[in-house]
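The values are calculated or read from the model by the stated rules, or taken from the named source; none is laboratory data. On a predicted model such as this, the values are computed, not experimentally measured, just so you know. Cβ coordinates were reconstructed from backbone atoms using ideal geometry, including for glycine residues, and neighbour counts include every protein chain displayed.
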Amino acid sequence: MFFDKPPFNGYQTGTMAENKYFVTHLECALTGKQYPAGQLHNLSQAGKPLLVRYDLAGIKKAFTKEALKGRRPDMWKWRELLPYKNAGNIVSLGEMETPLIPCPALEKELGSSAGALLIKDEGRLPTGSFKARGLALAVTMAKELGVTKIAMPTAGNAGAALAAYATRAGIDCFIFSPDDAQEITIGETALQGGKIYLVDGLINDCGRIVGEGVEAAGWFDFSTLKEPYRIEGKKTMGLELAEQLDWRLPDAIFYPTGGGTGLIGMWKAFAELEAIGFIGPERPKMIAVQAEGCAPIVKAFEEGKEFAEFWEGADTLAQGMRVPAAIGDFMILGAVRDSGGFAIAVSDQAIIKARLLCGEKEGLNIGPEGAATLAAYRKALAGGLISRDQRVVLFNCGSGLKYPVGQASGRIDHTKPVDYSQFN
Ligand SMILES: *Cc1c(COP(=O)(O)O)cnc(C)c1O
């Protein structure tokens, strides 16, 4: 369906090519200090992430829900709310809209009302995770602004996505990953033209190597939230979700939180949608899900702090959430609190159980990070934090195929008579 509207990659032609550029400036997420658009930026002078700001009044006049209907169903259809100047710079591998999957069997199992539970399956995107949204846009902007060499620390999926898009854009990329990252993501990064180096440390150790190489090796630093555009790509999850639910946002969103880009991005998306008149003031509870072995945001939330402390000895099988320090911590905590949501940690045991439950009940292979949101939903129901009739969206952020899966039910010797009674 995605490919049957030629020309694929034809963003230069038709409606997408019209000049729909509404960026006014960038802004420090902490201090509000303004920075000019159209040039390269990393962090603000305060050492905090930059947010892209748009002429939302202008977009409100120029953009309608109806206009969306004729557009290709992908993240680029949100043209007015995206930061590139020239559609010819778009670097794409076919970022289709991801499905919202009803979960009737899980609802029954957990005692939730019919229609209460939806899983947004981001594992279908190119490179098998929602990192594709962020990196497709960040690399598009890097291309537009003339970057030639990118470096990034990653737990795996961001590196795989960066490699794919940078290669497609003809930009060199150098990727640094903890040496216990998933073999498959290391392999796909290399296959897709990235140079990947394994570091005997955690992601923050990789981040230091990248930071020091900015001067020494002439890299542009693509660490999470250290360039302003990955958030804008991740924001499309929130835009897309709103349209898929006919502009009625769910009661709660469970988000597996590492660097928090997606949670921050969706929160920004909802504010922009309200400003352009597409939705009202109602918001879902934003729920940051972490693993018990690495829960800096949960700890800060519970202690009422604005910033999170470094989490020593981070350890969880859900590698996308193994982020001991997030530079956007105050933005995650701000969105969670402003939305009336909460932060919640689940054990690796609960993650494994939830993943099996989802596969066996719904036939859906989610990754451990997605499974963490299911485990958290279950825990929140039990603790009365969410009620069984509230409409909830869980984010499965990566394909379950990147992680160990199940086993065969048995072996059969084809030279011997088969005992068919065993198949009951
Ligand atoms: C990166 C990643 C996360 C965390 O996403 P953030 O937006 O950085 O919090 C969760 N799950 C998977 C599979 C990931 O790759």
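Of note:
- Hey, Glu240 outside the structural domain of Gly70 (by TED's automatic domain parsing), within 16 Å of the ligand (Cβ to nearest atom), buried (at least 21 other Cβ atoms within 10 Å of the Cβ) and charged (D, E, K, R) or not: yes
- Pair list, Cβ under 7 Å, 6 or more apart: segment 131-151 residue in the same structural domain as Ala163 (by TED's automatic domain parsing), other residue away from the ligand (no atom under 16 Å from the Cβ) and of a type in the set (Ser, Thr, Tyr): Ala136/Ser92; Thr140/Tyr84; Met141/Tyr84; Glu144/Tyr84
- If you go through segment 243-273 and keep only what is within 14 Å of Glu369 (Cβ to Cβ) and either part of a helix (DSSP H, G or I) or not assigned by TED's automatic domain parsing to the domain that holds Phe395 (or both), you end up with Thr261, Gly262, Leu263.
A quick yes/no check of all residues on (1) assigned by TED's automatic domain parsing to the domain that holds Glu243; (2) outside any loop (DSSP other than H, G, I, E, B); (3) in contact (Cβ under 8 Å) with a residue 60 or more places away in the chain; (4) not acidic (Asp, Glu):
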residue: Ala354; (1), (2), (3), (4): yes, yes, no, yes
residue: Leu357; (1), (2), (3), (4): yes, yes, yes, yes
residue: Glu369; (1), (2), (3), (4): yes, yes, yes, no
residue: Thr373; (1), (2), (3), (4): yes, yes, yes, yes
residue: Ala380; (1), (2), (3), (4): yes, yes, yes, yes
residue: Gly384; (1), (2), (3), (4): yes, no, no, yes
residue: Gln390; (1), (2), (3), (4): yes, no, yes, yes
residue: Leu394; (1), (2), (3), (4): yes, yes, yes, yes
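- A single entry from Ala288, Ala269 fulfils the requirement of being within 20 Å of the chain's Cα centre (by Cα) and near the ligand (Cβ under 10 Å from one of its atoms): Ala288.
- Candidate set from segment 58-98 (those that are among the polar types (S, T, N, Q) and touching a residue at least 12 places away in the same chain (Cβ under 8 Å)); member that is nearest to Tyr165 (Cα to Cα): Ser92
Yes or no, residue by residue, for (1) out of contact with any strand residue (DSSP E or B) (no Cβ under 7 Å at 6 or more places or on another chain); (2) at pLDDT 95 or above; (3) under 21 Å from Gly398 (Cβ atoms):
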| site | (1), (2), (3) |
| --- | --- |
| Leu273 | yes, yes, no |
| Ile276 | yes, yes, no |
| Gln290 | no, yes, yes |
| Ala318 | no, no, yes |
| Arg322 | no, no, yes |
| Leu333 | yes, yes, no |
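- Just one of the listed residues (Phe301, Phe254) is among the hydrophobic types (A, V, I, L, M, F, W, C), surrounded by 19 or more Cβ atoms within 10 Å (Cβ to Cβ) and within 13 Å of the ligand (Cβ to nearest atom), namely Phe254.
- Scan of segment 176-209 for residues that are in contact with an Asp or Glu (Cβ under 8 Å, 6 or more places away or on another chain) and within 27 Å of Val405 (Cβ to Cβ), ordered by number: Pro178, Asp179, Leu198
- Any hit, segment 403-416, residues being under 18 Å from the mean Cα position of the chain (by Cα), within 16 Å of the ligand (Cβ to nearest atom) and either farther than 30 Å from Ser44 by Cβ or not assigned by TED's automatic domain parsing to the domain that holds Leu106 (or both): yes
- Test: residue in segment 334-343 that is of a type in the set (Lys, Arg), closer than 20 Å to Gln182 by Cβ and assigned by TED's automatic domain parsing to the domain that holds Val393: no
- So Pro281, is it out of contact with any Ser or Thr (no Cβ under 7 Å at 6 or more places or on another chain), crowded, with 21+ Cβ neighbours inside 10 Å, at pLDDT 95 or above and in a loop (DSSP other than H, G, I, E, B): no
- Taking helices (runs of 4 or more DSSP H) as the structural unit, those lying wholly within segment 138-241 and holding at least 2 residues that are of a type in the set (Val, Ile, Thr) and more than 18 Å from the chain's Cα centre (by Cα) correspond to 183-191, 203-217.
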